[in-house]
2 protein chains.
Amino acid sequence: MLHGSAMASDFYSSEGDAILREAGLRVTRQRRAIVRVLFEAEDHPDAEQVLGRARDKDASVSQATAYRTLAALADKGHLHRHTFDGGVTRYELASRPHHDHMIDVETGEVMEFVSEEIERLQKKIAAEHGYDIVAHRLELYCKRRRR
Amino acid sequence: MLHGSAMASDFYSSEGDAILREAGLRVTRQRRAIVRVLFEAEDHPDAEQVLGRARDKDASVSQATAYRTLAALADKGHLHRHTFDGGVTRYELASRPHHDHMIDVETGEVMEFVSEEIERLQKKIAAEHGYDIVAHRLELYCKRRRR
DNA sequence: TCTCTAGATGCAAATAATTCGCAATGTCAA
DNA sequence: TTGACATTGCGAATTATTTGCATCTAGAGA
């Protein structure tokens, strides 16, 4: 298992390095930690959570660097920002397969889904107005159906 | 025309009073001004804009009251909050017919649209996961199609 | 119409999240 | 190896919004 973990870390580090380079950013210890956190995240962490987790990997990561790195990656399109219903900004790697979000308003749980049909309709609507879609945001706020 | 304007104002004031009462709020001079601004708005003003316009009607409206009133109306569901792509919070009366938003990323222009088909698909998706939709947010970020 | 009280107001200070200035440090192309 | 310039941490500054508090006022009831 130690072997597996080490390999996984190396793997993610290189993936992360690539993302940083693609974004035109220098690869630093701190940024490596931050990007690794993003690769490992299975949720949608906010800046504070990213900072905390990055510090677990490298205690030298400062708040300013976390915000600066997240902003730089988001600006270059490598990171998506989400602000579910007036909450704080949450982050998610853009390299993940595209999906939209469904939020359980009672538990705060965030689920993911895709609908080719909706994607197609969105494009159609935009086209009808003479537009091309650059990005979109679809969030469904739901309650578990009682039965 | 003076007649028309006066009638329109009266109309909006009573509509506004009703909304305030329904929200369980007392009808004050300041709140009347704020709610009238919301009724008259053809855009999606942020708190600062609402405050400015309300002050044109009644100079005594303070920032705190603007925020407090907007928050109270939003909490009671009479007002929708929007945060288009990381910008400030914008407001829109919930009594307006339902619609989603299309944002021209080059001009910032906000357009409205509805698609019964998308609405239906959303409900279907939620249902498939065992959920009922409480609210949703669909925003299309677009660029005018060059030809 | 008068009174009374919970709710509302303005002001200024307080928060929360994020950004910025700056001197010190680190990356990486040559 | 080196030098230019990007990046860092720190703390102060911003921005948007909220809150504490003393003072008013809407509006139910006498």
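Just so it is clear, none of the values below were taken in a lab; they were calculated from the coordinates. Bear in mind that the values here come from a model prediction, so they are computed numbers and not experimental data. Heads up, the Cβs are rebuilt from the backbone with ideal geometry, glycines too, and the neighbour counts pull from every protein chain shown.
General remarks:
- Stretch in chain B that is longest and holds no GluC sites (Glu not before Pro) that DSSP places in a loop and that have at most 16 other beta carbons within 10 Å: B:43-105
- Other-copy label distances relative to B:Arg144, 7 angstrom Cα-Cβ extension, nm: 4.9
- Legend: calculated FRET efficiency, A:Glu48 to A:Lys124, from the Cβ-Cβ distance at R0 = 45 Å, rounded to 0.05, equals 0.70.
- In this assembly of identical copies, the label point of B:Arg68 (Cα plus 7 Å along Cα-to-Cβ) is separated from its counterparts by 4.2 nm, sorted shortest first.
- B:Glu117-B:Val27 FRET efficiency (beta carbon distance; Förster radius 35 Å; 0.05 resolution): 0.30
- Other-copy label distances relative to A:Glu48, 7 angstrom Cα-Cβ extension, nm: 2.5
- Dimensionless Rg over Rh [segment B:72-147; C-alpha; Kirkwood]: 1.01
- Relative contact order, whole percent, for chain A stands at 17, derived from Cα pairs under 8 Å and 6 or more residues apart.
- Measuring against 22 Å, Cα to Cα, the residue pairs B:Lys123/B:Lys143; A:Lys123/A:Lys143; A:Lys143/B:Lys124; B:Lys76/B:Lys124; A:Lys124/B:Lys123 contain B:Lys123/B:Lys143; A:Lys123/A:Lys143; B:Lys76/B:Lys124 as the ones spanning a longer distance.
- Counted over segment B:23-112 with a bin width of 5 Å, the fraction of Cα pairs per bin, in whole percents, is 3, 14, 26, 25, 18, 9, 5, 1, 0.
- Average other protein chain Cβ within 10 Å of Cβ, residues B:34-45: 0
- Net lengthening on full extension, A:Ala72/A:Arg147 (0.36 nm per residue, minus Cα-Cα): 22.4 nm
- Binning all Cα-Cα separations of the protein assembly as shown at 10 Å, short to long from zero, yields these whole-percent fractions: 5, 22, 26, 25, 15, 5, 2, 0, 0.
- Pairwise centroid distance, computed over Cα atoms, of segment A:67-111 with segment A:114-147, Å: 17
- Helical mean residue ellipticity (222 nm; -39500 (n - 2.57) per DSSP H run of 4+; nearest 500) of chain A: -15500 deg cm²/dmol
- Integer Hz, Karplus 6.51/-1.76/1.60 couplings in order for segment A:83-94, x for Gly and Pro: 10, 5, 5, x, x, 7, 6, 10, 10, 7, 4, 6
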